[in-house]
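For reference, the structure discussed in these notes is given below.
The values are calculated or read from the model by the stated rules, or taken from the named source; none is laboratory data. Quantities reported herein were computed from a predicted structural model and do not represent experimental measurements. Quick reminder, even Gly has a Cβ in these numbers, built from the backbone with ideal geometry, and neighbours come from all protein chains shown.
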Amino acid sequence: MRVANLSSIWTVLYTTPGRYNWMFQQYLRREGLALSWVGTGRLLFSLDYTAADFAEVIARFVRAAHGMREDGWWWLPPQASNRQVARALLGEVVNAYLGRGQAE
């Protein structure tokens, strides 16, 4: 995971494929970071954070990422790609809509 910013708007960039990246915001909340967010990867920060405030945010952010990894939400086979994840998810949605079992 990487983070990029433009002033107070931060974007989380997931460097490996995953279907549960949206859950990261819940791990942030568990660490006490109730940041304003838009979508699953954009965060809005106040411009009046002190250096100590920002250091605490970074520490909590890292703990949230480690917690999500340790809970297994970012595990995928090594050869997986974002395209494969999206196709598998689409197949599961279509099969559920059609009343079929899991995608083959």
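Quick notes on this structure:
- Checking each residue of region 46-65 against the condition of being of a type in the set (D, E, K, R), touching a Leu at 6+ places or on another chain (Cβ under 9 Å) and within 15 Å of Met1 (Cα to Cα) gives at least one match.
- When region 59-104 is limited to residues that are part of a helix (DSSP H, G or I), more than 15 Å from Asn21 (Cα to Cα) and aliphatic (A, V, I, L, M), the one that is nearest to the chain's Cα centre (by Cα) turns out to be Ala59.
- Residues that are of a type in the set (A, V, I, L, M) and in a helix (DSSP H, G or I), drawn from region 1-27: Met23
- Lone unmet requirement of (1) in contact (Cβ under 8 Å) with a residue 24 or more places away in the chain; (2) surrounded by 12 or more Cβ atoms within 10 Å (Cβ to Cβ); (3) over 14 Å from the mean Cα position of the chain (by Cα) for Met23: (3)
Here's the yes/no breakdown for (1) in contact with a Leu (Cβ under 6 Å, 6 or more places away or on another chain); (2) loosely packed, with under 14 Cβ neighbours inside 10 Å; (3) touching a residue at least 40 places away in the same chain (Cβ under 8 Å):
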| residue | (1), (2), (3) |
| --- | --- |
| Tyr27 | no, no, yes |
| Trp74 | no, no, yes |
| Pro78 | no, yes, no |
| Ser81 | no, yes, yes |
| Leu90 | no, yes, no |
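- Any hit, region 38-46, residues being exposed (fewer than 11 other Cβ atoms within 10 Å of the Cβ) and part of a strand (DSSP E or B): yes
- Top-ranked residue of region 15-28 - restricted to ones that are farther than 14 Å from Phe61 by Cα and of a type outside the set (S, T, N, Q), ranked as modelled with the highest pLDDT: Tyr20
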